Amino acid sequence: MVLEKSNSQSPAARPEWLERYRFGLRVTEQGTIVSIGDGIARIQGLPSAAMEEILIFEDGSRALVFALERDMLSAILLAQGETLTAGSIAHLSGRRLSIPVGDNLLGRVIDPLGMPLDGGSAPECAGRQDLDVLSPPIVARDFVNEPLYTGNKIVDTLIPIGKGQRQLLIGDNGLGKSSLAIDTVINQRDKNVRCVYVLIGQKRSTVVGTVATLRQAGALGHTTVVVAEATVTPGLNYLAPFAGCAIAEAWMAQGQDTLVVYDDLTMHAQAYRELSLLLRRPPGREAYPGDIFYLHSRLLERSTRLAADHGGGSMTALPIVETREGEIAAYIPTNLISITDGQIYFDAALFAGGFLPAIDVTKSVSRIGGKAQHRRIAQEAGHMKLDYLQFLELEVFTRFGARLEASIEAKIKRGRLLRELLKQDRLSPLPVEFQMAWMVAYNAGLFDTVPSNQIAAVLDRLAQWVGGSGLSLDTKQDDWKRELRNLLTAHTQEHKGESHGARAIDEKSEGTVVDVRTRR
Ligand SMILES: Nc1ncnc2c1ncn2[C@@H]1O[C@H](COP(=O)(O)OP(=O)(O)OP(=O)(O)O)[C@@H](O)[C@H]1O
Ligand SMILES: [Mg+2]
């Protein structure tokens, strides 16, 4: 009766899927959980499962196929219902893991599966992106040729970063690695760079603190925070950086500039090690599985600068890695050093000596960022790094109390002045015109007469002045010098009385940083 009725309809009126529908046998596989625990399920009865395929359980829980054996597979649990237990039924979904992507993620805090963690509704995004995809081929890439400003004095002048570069932040715990990454994200305000901050295996207090800091600084509007707390399953910790990368990748494909922070990959390596040991994979060096290098290089290779005919977008990556006792030759740190395009090294002795940010210029490099630096900044920064390194070596002599040649003493004095100038508080990223201003003033010797206790005040004044000065990077050097000389002369006149009794910059007590370093 019904069939007759439908037959009488014209074919045009029937939906397309009905037209194509054919009755027939369909073979489906049904798996059963053999054992479950520690975020891992071992399942029998799914012989055609593929690696990284999503499994759906009868209670709606989901898992990701992670290891295939002869008659068993292991899957990492992504969402676990309370009733999931040995004997539960699993089906193949035929899909790979993907995450919603798009501008609606800006300002949101999400987990690695795209679920909201900020109390809001699930982000509505038109697009989805696979978590694990191939990195762009060489022909789709371009040279790193545009600077990405961090707002940090040392980095923007001496260790410059370009858009599409992968720059490692490395150092012991509590030395300011995350602070530099957060400052860099904050500095992308109004610069049309979309940011993704991935927190992996962090304490809840750190997560809350980071989100609050970004919000207060007005940086959440251009940022997505992807969070896998320390308490979630190792599977989610393992997926977090890939999720962050996929979100940035989708923007990059649209021609946008993006910045991704992985905070931190030590935790990521540990989560992967935990997963691998639970899956009984053979442990290698430091008990990490042998493919940990491949895992991190696969992740970081996806950061790049795309060629103009591929949209011209870019993904800059700031992976963070923690060292123990400054040991950069440990397994994960050396891996990451060799994968990235440079590193910013944080030193415990500098931190203890009050040199903040505690960036050790001697061990930090940027292999490709120099090419992307603005011509005028590169010119002013010119020999600054070499001179500074030379000064650090020379300063060691001053501890012997030997009488030094006048020329060496002058170099040491200039070096100490530079060290004072390079100090910077956290949460105060500075515009690139400011970097230009202090470097021109330093190179022209305009700070030489400023007493050490007034350096900070002079720099504050410089920072306030530079925005309204109308000067830009393309302004002639002579014009910069003239304006700066006027400003500094005015400052000296106003504070004439205060400088009385101030320590000169070259007194021995200024060498505290070096002293701490030697005691180590
Ligand atoms: N430039 C700075 N000026 C003043 N204080 C700073 C500066 N940079 C970092 N700090 C302080 O140093 C401490 C450690 O910073 P942060 O948490 O960024 O370090 P970390 O290396 O990320 O640590 P962890 O290894 O625990 O993640 C914080 O209390 C922070 O306020
Ligand atoms: Mg940190």
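The values are calculated or read from the model by the stated rules, or taken from the named source; none is laboratory data. Everything numeric here is computed off the predicted structure, so don't read it as measured data. Virtual Cβ from ideal backbone geometry, glycine too; neighbours counted across all protein chains shown.
For the reader, a short list of remarks on this structure follows.
- Conditions (1) under 14 Å from Asp156 (Cβ atoms); (2) within 16 Å of ligand 1 (Cβ to nearest atom): number failed by Lys423: (1)
- Taking the listed residues Leu105, Leu77, Leu92, the one that is more than 24 Å from Ala271 (Cβ to Cβ) and either buried (at least 18 other Cβ atoms within 10 Å of the Cβ) or under 24 Å from the mean Cα position of the chain (by Cα) (or both) is Leu92, with no other qualifying.
- Among residues of the range 419-452, those that are under 30 Å from Leu214 (Cα atoms) and not aromatic (Phe, Trp, Tyr), counted: 19
- Among helices (runs of 4 or more DSSP H) entirely within the range 162-276, having at least 2 residues that are in contact with a Pro (Cβ under 8 Å, 6 or more places away or on another chain) singles out 177-187, 234-253.
- Residue among Leu168, Leu175, Leu158 that alone is under 19 Å from Ile368 (Cβ atoms) and within 15 Å of ligand 2 (Cβ to nearest atom): Leu168
- Tyr345 vs. criteria closer than 20 Å to Leu300 by Cβ, within 16 Å of ligand 2 (Cβ to nearest atom) and in contact with a Lys or Arg (Cβ under 6 Å, 6 or more places away or on another chain): yes
- Filter pass, Arg204 being of a type in the set (Lys, Arg), in the same structural domain as Phe242 (by TED's automatic domain parsing) and crowded, with 24+ Cβ neighbours inside 10 Å: no
- As for the range 180-194, it holds no residue that is within 15 Å of ligand 2 (Cβ to nearest atom), crowded, with 17+ Cβ neighbours inside 10 Å and of a type in the set (Lys, Arg).
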